[in-house]
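Below is one structure, written out as structure tokens; comments come after it.
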Amino acid sequence: MSNLSPIPRLKDPSMQRLLTVLLIGVLAAVSFVALFHSVARATTPQASLKSEGSPLTTKVITQTWENLGIYGGIISALAVDSTDNPPHGVAYAGTTSGQGLYRSLDSGASWTGVYTSSVQALGINETDHIVWGISQQGIITSSDRGATWNPVPYPSGIFGWARLVVKDRTTLLASGNTVARSTDGGATWATATLPCSGCQVTGLAFDSLGSRIFAATNTDVYVSDLTTLSFSVTGTGHGMQGIISLAASPHIADLLYAGTGDLGGSVRHSLFRSTDGGATWSKIYDAGSAVAYIVFHPVLTQTVYVAGAQYDGTSFTPLGFGAGNSHLAIHASAPYTMYGTLDQGVNRSTDGGVSFEPVNQGIDGVVVQDFAQNPRDLGVFFVNTKNGLGRTFDGGDTWDFPFGFSHFGGAVAAPYSDTTYTQRAFLGEFFSSDYGDSIMPLGNPSLRSQIEGSGCTNCFAVINGIDADPANPDIVYAAVGGFHNPTGSKEEAHGGMWASSDGGTTWTQHTTDYSAAYATLPYTTPARLVAFSQGGTAYAVLGDFRNHTNFGGNVFGGVISRTTTSAWHLLDTTTNPITASVEGLAIDPNNPLHIWVGTGYPQSRLFHSEDGGVSWDDRTPAGPSMGAFQAIAVHPTNSQIVFAAARNDVYFSDDDGLTWTLLPKPPTGEATAEAIQRILLPILPPASVTGLSGSVTGGTPGAQLNLSWTNPADGRFQGVIIRGDASKMPRTSVEGTDHGAIISPTNSATIPLPANPYSVTVIPYDSQGRYGLGTQVVVNGSTVTVLGSGSRFQLQAAAAQGKDSVVAGTPNGLFQLPLDGVLDNPNPDPTPTPDPSPTPNPTPTPNPTPTPGPQQIFLPLVNR
């Protein structure tokens, strides 16, 4: 992983000796506790329940969490001062997460937090370059581009998330049925009340000359001159209901637009227009979403932007991205530049709205729903966020979001068993077989159409979890949750387990009810999580997160298991200590019988089973009441190392949950019911080679590239692959297929040059056939260039040191905590032997790991 700061080292020898003595004492104590615990397990038929919780240790982790480059908070307001800081202007983005208010001085290329509170509305006095905002703390203003902020007292009758409109030196505020006006920067205010009892102002606008004010409520539009603040209704009989936006043309007198949404009852997503100052109105457009904003073009007098579309006075054209229910701001001095947002993140267009690209660097706040590391190409991660589906090829240094938005579950999986599946990924409702270069609906027909299609009335479902059998990745399970509304009045829980035996092409629903001692559960019981063990046994979590499906006997959620030859069954139906809603699930990758389960309502606990779910041990960290344990991760090679998260607390144990350390809290934005969405222990790549250099010998034909390097002092390193395609990681195998070349751990190679200019990538691999990040070598004539640090193929120096880390997905982004040395226990405690209790079907023996080939080169290299 990248962007890791080096761990501080003690230089005082006396302090080093003291710490060594203390460390020996701690290790001796831990070894005694572990020995006592293992003896107790061996002599007791069922592990005892420690209801008091596992204690917290005094170990201190001094590292801090680092953002892995997932940017784009929940945007609540956008504004641009086009006359300040030419030619870029100054763009402002208000968010309800992260730092709150952000500013960009480079047309959105980067953002800086300037105010640490949620900001719901923005307005700019471009005459004096004064920014107005409605924040969680009240009204604020800044006259120095957001460097400092001054509070402004609410005028009488104005409160909370007030409406805000600024034109030149005049500021309007509205809340309830009160409108306030100031012309002196908020020093004094004049207020007026609309002639409607109990109404709420939902929109404010100035006319083209700035002499009149229009104010919309749920059902009507009112008008007043700016001086007297005496409002009267503009017209009746128009039929508008649920008005949520209002705009007056800055170019044409008496031209008004009003947008409707979901206020007042049934869904109404329409745009209305008036050409006579509101006396009469006509509906001109039915939008696909609520008309939350209306923005006039600063130059084109007939053009207006509304609900993700552009209207030129005659027809509507979709913008280059949705933006239908959020915000839009246009750079008045460069009107081809505009900023828009859909749910999360800022998108920018430089071609008048034809196309948009995300510009979010620095804006923390993306809700990470799920993420996964490709187990073979270790620099490749996929992430599903509220801002779209993204990927990285360099361990998080750079991200792109080519997949659009997934509204059908946040589950992500990147399984593999051999080179056939190196490039495969499941991405919510989509599937890709080429790292996401192209995507297609998951299933044919799509799983989504099957779940929400025929036979299910008013159905809505999401893929809560998805996983593939590591022994046979053609077997894929999807945990589906959601609801249906068969009567049109009451929602009922709906979902279940779906399975594919051909890698996700076709899907069937498991229709056998789950057998339990308490009751028979219908197969449509919502499924929340699914995970395969290394032995091919699948485990899933059932239960509806909204009504906590009761399995009977106060069991509010359950873990079910299924082998390849038996039906699903609920674990521990007679002596089950898990009497709360199951929220988290993890299978020890080193032992398929070791299961971790986290619970939430009505009690947060952490349970561990060492016999496939026959008996359970309560290993909840001691401490105050907390949220559900919904994120759990076990180290890929050391079963003693476990991470568990409850709300925004992350706990670490290196003794199988006997004791816990509370780690520093990652940034989680505003408080949420459950802040840590997922935890991942990345598989560390082998370090890159160093001292790489090259030369060209021979002529055309017959030119050769001579490479030499120094192998890293890294126990994970087994050798390098040299290949002639630098576009992606690495699309080859340790067996030398796919036009690749294998070099065993020597320090040099001679490669025939099929073309000039040409490039190759030197990629380290480990004994499992997993790839690290490569270094690109470019040949141009006789010049050989090794791309240095900063290249997407160059492992960062800090990461090359082999730092262990834990990654957490939160409502504020994706964050990594370096744990230098903490996870590098060279002599971990041996995995405890499971008790001789009833066991699931025998674990299939995995195929032997391919052994890197002898010292040879497979040719030719192909520039693909």
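No value in this document is a laboratory result; all are computed from the given coordinates. This structure is a prediction, so every number in the text was calculated from the model and none was measured. Note that we place each Cβ from the backbone using ideal geometry, even for glycine, and neighbour counts take in every protein chain shown.
Multiply the residue separation of Thr170 and Val354 by 0.36 nm, subtract the distance between their alpha-carbon atoms, and state the gained length in nm to one decimal.
On the way: separation 184, 0.36 × 184 = 66.24 nm, distance 3.35 nm.
Separation in residues times 0.36 nm, less the Cα-Cα distance, equals 62.9 nm.
For the listed peptides 229-237, 707-715, 578-586, a ranking on the average number of other beta carbons within 10 Å per residue, highest first, reads 578-586, 707-715, 229-237. If every alpha-carbon in the stretch 225-314 counts as one equal scatterer, what log10 I(q)/I(0) does Debye give at q = 0.13, 0.17 1/Å? The Debye formula, applied to the Cα set alone, gives -0.43, -0.72.
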